Every structure is written in structure tokens, then in C-alpha cells.
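What follows is one structure encoded as C-alpha cells, with my remarks underneath.
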Amino acid sequence: MITIEVPASSANLGAGFDAIGLALGLHDRIEVDVTPGGYRVDVTGEGAGRLPCDENHLVVRAALATLDALGAARPGGLALRCRNRIPHSRGLGSSAAATVAGVAAGYALAGVDLDGMERAGRALELAAGFEGHADNAAPSLLGGLTIAWAQPDGGFRAVRIDPHPSLTPVLLVPTLESATAHTRGLLPRDVPHADAVFNAGRAALLLHALTVEPRPELLLAGTDDRMHQPYRRGAYPATAALVDALRKHGVPAAVSGAGPTVLALTGGDPLPDAVDATGFDVRPLPVDLSGVRVDTTGH
């Protein structure tokens, strides 16, 4: 039996649109057994009763695609037990986590070591290929803080950076769901030059604040954005209002990924009493520094 634990992630973090991601201490656990034939998936927790329970499940699809890419034989069948804790359609990288888990399973089934260089190279290509971008797949695969980018040939690369140890993410997760395809469709084809310059400077500042000097005023400026959040406000007005309220009280806050979850970087301080977070589940989470973890010992 192969056991895989894969972390949730928050992408963008304000100015780092489609590039910067952070792995979070909230994990899905997948157990994989080889069987004589067929594909069976048992899902508990998030997505139970809604996700495919056969070869159409995303983890199975990613595992089989990885075996094919590695030139390894497919097993006769697979039985998966998925214990999902990452909320779905909330901007926390649940689909990227599933693809990363599938890629990790494929490597384990092929008997190939998923080491550091392999994670940031071919494995990332496989996982990000399912998503079309690597900003969530990279932190789920590598852990910590990641910077991902697209290659001219359409491929993907990423580097991992250690975030500052005092960095304290707080997630505010609503019951409302949001489809990434819908919110991505709200983005304009072109943005004003001034907004692109604004985000380039803020993204550079964001990386400095996340790794070297996590002062609230630097994080507040670094999480500001003109590239994606303003265009998506109508899709989740409660999320936009909460981000505005937190930032008004000096809390660095941004929409997590495509939303509607809010990411706040508090430095460990409680959220201001004046901010009404009704309708949101407040979850302080550590940063996951390891990325996907694979156990092939059968435990």
C-alpha cells in the first residue's frame, strides 16, 4: 500500500498572480492499493458523493498519465481511499492537490524516486499540465513558498523558497463555492500598463516581506493587486468586502487563488474585533514546509 499526504495551497497572495504560491498545513490523505483489475475510489470528507469513484477520478487519471509518461506498465487495477480535508472550489488548490497526489502515486508505482530535482522538473510538468498553470501545483508538490513560471514551449518550472518562520496564515473559508473557470473568465485580455507596473513592484516587495522582513506594512503593500482581484469582485461580494475590511484595519489580506476564501497574514495576532467575518470559517494554519509526502512501507 502507498500512502500519500498532500497539502492545500494558496496562490497569488495578492500581487503574485499565477506565480506565487504557499503550501498550507491542511492535507488530503490518499491510500493506494494495486488490485487485479478495475479502478475503485472511496472518498470521505470533502467531495464525498460528488466525485467520480472510478477511473475518471482525478487522482487515478494523474497516476495513470504519470505511469505512461515514465514508460512504466499500468497495474491491473487500483483501489484508492481518499480522506479529503481540503475544501473544494474554495481557492485552496484542491484539484492541484489531487493531481500532485496522482503524480506522486504514479512515481511510487513505477518505483521512481520523487527527489527534489525531479519534483521541480518533470513531476511539476505532469501535475501542472492538468491545471494549465503551476501556481497551486508547485506548493503542493514542493512545500513552502514557491515561484512558478511558464516556459516558452508551454511547460512549467518552479523554485521553492523558505518563508519567514513568523509567517502566520489565517484562512477565512466561506460556504460559498466558486469555479476557477468562471472567475478566470472574468479577467480582461489586456490590462493597463500602469497596473502591470504596479503589480510587478508589489510582487517583488511581497517576496521580500514573505521571506526576509514580514512587517505588516510591507505585507499589506505586497498583497495589494490590480491584475485580478478587482475584476472578480462581482463573483463573490462578501469575500471582496471582507478583504476590504481586513485591509482597512491594517491586516494584509487577499483572495486565496480564484476565491472565495480569504487569506490573511496576521503575524499571529487575532483578527480585529471590528471586522465581521460572519459566514466565514476562520482557520489559522501553519505553512507546510514539506510538500507531498509518500510512504511506501504500507503504514
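Every read-out reported here was derived from the displayed coordinates using simple, explicitly stated rules and does not represent laboratory data. Because the structure is a prediction, the values reported are computed rather than measured. All Cβ positions, glycine included, derive from the backbone under ideal geometry; neighbour counts span all protein chains shown.
Annotations
- If R0 is 22 Å, the Cβ-Cβ spacing of M1 and D115 corresponds to a FRET efficiency of close to 0.50.
- Residues whose amide H lies under 5 Å from that of N136, counting only those 5 or more places away or on a different chain, are absent; hydrogens are built 1.01 Å from N in the peptide plane.
- Considering only L109, N199, Q151, the residue lying farthest towards the positive end of the dipole of the chain is N199, judged by Cα position with unit charges set on Cβ.
- Test item: Cα-centred dipole of region 2-162, Lys/Arg +1 and Asp/Glu -1 on Cβ, debye: 280 debye
- Gain in span if fully extended, A204 to W149, counting 0.36 nm per residue against the direct Cα distance: 18.3 nm
- Pairs of Cα atoms nearer than 8 Å and 6+ residues apart set the relative contact order; for the chain it is 26 percent.
- Gyration tensor (alpha-carbon) shape descriptor, region 169-284, a/c threshold 1.5: oblate
- Three-way shape label, the chain, alpha-carbon gyration tensor, a/c 1.5: prolate
- The residues S290, S256, S9, S89, when put in order of fewest to most other Cβ atoms within 10 Å, stand as S290, S89, S256, S9.
- If you take the Cα centroid of region 130-174 and the Cα centroid of region 3-21, the two points sit 4 Å apart.
- Taking the number of Cβ atoms within 10 Å of each Cβ as an exposure proxy, the fewest-first ranking of L78, L167 is L167, L78.
- Nearest-0.05 FRET efficiency for H164 and K248, computed from C-beta distance (R0 22 Å): 0.35
- Here the residues T146, T66, ranked from fewest to most Cβ neighbours within 10 Å of their Cβ, fall in the order T66, T146.
- DSSP beta bridges confined to region 1-154 are antiparallel in about 70 percent of cases.
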